[in-house]
Every structure is written in structure tokens, then in C-alpha cells.
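So the structure is just underneath, and the comments pick up after that.
Readers should treat all values here as calculations from the given coordinates under stated rules, not as data from a laboratory. If you're wondering where the values come from, they're calculated on a predicted model, not measured in any experiment. Counting neighbours? That spans all protein chains shown, and the Cβs are built from the backbone with ideal geometry, glycine included.
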Amino acid sequence: MAAQTSEPAVHPESTHPGPIMGLMAGYWQVKILLAAVEHDVFTALSGRSATSAELAADLGLVPRGANDLLVGLRHLGLLESADGGFANSAVADAFLVRGRPAYLGGYLRFCDQELNPAWDGLATALRTGQPQNHAAVEGNPYDTLYRDADATDGFLDSMDLLTTPIGLAMSRFDWSRYKSFVDVGGARGNFAHQVVSANPHLTGAVFDLPPLEPAFTRHMAGLGGVAPSITFHGGDFFTDRLPEADVLVFGHVLHNWGVEDRVRLLKNAYDSLRPGGAVFVYDPMAGGEQPSMHGVLAGLAMLVWSRGGHEYSVQELHGWLAQAGFRPETAEVADLHDDVLVVGHKDR
Ligand SMILES: C[S@@+](CC[C@H](N)C(=O)[O-])C[C@H]1O[C@@H](n2cnc3c(N)ncnc32)[C@H](O)[C@@H]1O
């Protein structure tokens, strides 16, 4: 018997579209933030207040739009009223003024220019399984990213932003049984620098694609301290042998690639490690049937941006580690936030 269709009952409260309209408005609010960062509104307001007419003149914005932009930023808590005009709120002053140590503009630009265009193709990616980032269709998306100096800086800023709390947590990990480590896919060395600074008995190195070497050298010089003892090894982790060390770290690397590539990387790591050594893998590991919202967003970001990447579960990783020859162990690390650390021991 055919299912009966009936008119939906009208319950004004339960059918109010507010939650859905709110989601759509959230997208436009993000656009307000990104436009303000692009026009450097917060840097222009650093240490002063200004009216919308003054700011529009300074930044070359049309007055009608400028006022809505500034009032909108005030509604979002990024600006405050001051002296009949606008001033940065505390959070905007800390994170959105260019040149400040915690500046997030590079990360936001990376999201806007690199990730969000791929997200625009989510519906297509769900149908085809194809990345919506042309660079990933043609090869390794990082090769294309690193041809654009601005995009590279934005990406590296965002990697540092992610690795700073992880590096802090991993600095407190018990490294006493190890003497050396290589951060594979370690970008410009932020994580390696933190771990060696807190554990000076360790020799640290970064293995990453050759175009990152100048950024690594600049970043290390800026950080100072233990920087000279950390070395950079340029290469391709799919085709080159990894440098020998007691520990090989894969942080936010495996989820970028499909299952076959993950196992290939872990086998490559196993071959390079000395007996008694270990591979350290950290990732959200938010895969499985009921991922958190963070896991959902990370998983879909991989679907649209990478070829074959996806979030995975701790159990899946244990299986791939065992396949590569390791004895897997999930480690307890405090303050790792959205990530999990799994250690693969090479016992013999
Ligand atoms: C998502 S980032 C991870 C950065 C950092 N480890 C972290 O914890 O956030 C992935 C890194 O892998 C590097 N990478 C990608 N493909 C590579 C390859 N074939 N060989 C070596 N490094 C590669 C990228 O350059 C990038 O630095």
C-alpha cells in the first residue's frame, strides 16, 4: 500500500525557521570577519578609535558599507563603541592586529582562499568523491600551495596555531627513553622547537617538502634558543627514506591521505626506525560512526580538499600500525585538546 501523505501540521513554535536562518546568517557573519581582515580594519584601529567616515576614508571603503561593516563587527564582539566611534575589543586587539605574536589573519586568509573554495564544492564532492581542490586532483596539493608565497605563509601560520598547544602538551610527555626524533611533515619546525626546548637531551629534526626549507630557516632564526640544533631534511615521504631516529612523529599527516598511503607511510617509518624506536601519530581520530562535530568538519574538509583523506578512529590506526609491524598503544597525554596520540613501538 502506498504511504499516505498528509499536510504537515502547523505548530508556529516548533516550526519556526530561526535555527536554519541562524545558520545561513552565520555564513554571512563569517564573510564580515573575512572582509574586515582583508581590509585590515583591526590593524587600522590599533591603539586608537575612529568613526566609520574616518575609517572608510583611511581604508578606501564606500561609506554606506563601511558603517554596516563596523556595526556588524561590534555585534560580533570584535569592536566596541569608543569616543563616538569604534575601537578594537580585547580579543580583536590580541588576535587580529597584524604583527602581533598571536595574529590569526594568516590562518583566516588560508581558510578563505584555500579551504573555503573547496568547501563550496561539498555537494559535488559528496556525489563524486572527488576533491574540489584542483591541486589535489592533479597531485600533491601541497606542491601547488607552496608555489604561492602568501598562501604558504598563511598555511604555515595556521599550522603553528594548531601545533603550539599540541607542542606544549607533547613537551610534557616522557621522552626520557629516546634521544632523537624527526617530525615528519613538521612544516617550519614549530612543534620540534617546542619539544627540544623543553627536553634539551633530544636531537630534533624536521622532514618536509623542500620548498619549506627557507620558511623553516627564517622561523628557527626568529624563535632563537635551541633552534640551531634542529635540522631540516627536504624530501618526499612517499618516495624517500626517512632520516634515522628513535622517534618519527606524524602529526596531522595521516588524515590527509587514503588508507593505502597511510599504511605505506607507516611501513616506510618502520623501515627507518631502529629497534626500540617508535612512531608517534597524532590526529583528531574522530572517525567512526558517531564523530563529534569537530570530527565531522575535519572529515568533510578532507573530503573536499584532499585526495582520499578522511578522519579515522583509534582502532583503525591500531590495525594499520600492526600491519606495518608496530605494537600499537594509545598514550595518555593531558591537554592534547582535539587530538589523540597513538604510539607504535618497534620492539625488535
Ligand atoms: C597538515 S600539515 C601538518 C603539519 C604539522 N605536523 C601539524 O601537526 O599540524 C601536513 C604536512 O605534511 C607535509 N607534506 C605533504 N606531503 C608531503 C610529502 N610528500 N613529503 C613530505 N612532507 C609532505 C606538508 O608540507 C605539511 O607540512
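Here's the picture: charge each Lys and Arg Cβ at +1 and each Asp and Glu Cβ at -1 in the chain, and of G299, G185, L162 the one pushed furthest to the positive end of that dipole is G185.
Contact order for the chain, expressed relative to its length and based on alpha carbon pairs under 8 Å spaced 6+ residues apart, stands at 12 percent. For the chain, the membrane-span-like helix rule (DSSP H, alpha carbon extent of at least 27 Å along the helix axis, mean Kyte-Doolittle at least 0.0) picks out 18-38, 149-171; this says nothing about an actual membrane. Between R172, R307, R262, the Gaussian network model of the chain with springs among Cα atoms under 10 angstrom shows the greatest mean-square fluctuation at R172.
Annotation: lysines with alpha-carbon distance below 23 angstrom to K346 (same-chain offsets under eight excluded): K179, K267.
Computed from the C-beta positions of K267 and L168, the FRET efficiency with R₀ = 45 Å rounds to 0.90. Once the chain from E289 to M21 is taken as fully extended at 0.36 nm per residue, the excess over their C-alpha distance is 93.7 nm. Remark: spin-label model distance N116-E213 equals 3.6 nm, labels positioned 7 Å along the Cα→Cβ axis. Note on region 18-103: Kirkwood hydrodynamic radius from all Cα pairs is 13.1 Å, rounded to one decimal. A crude spin-label estimate for the pair E329 and Q315, with each label 7 Å from Cα along the Cβ direction, gives 2.3 nm.
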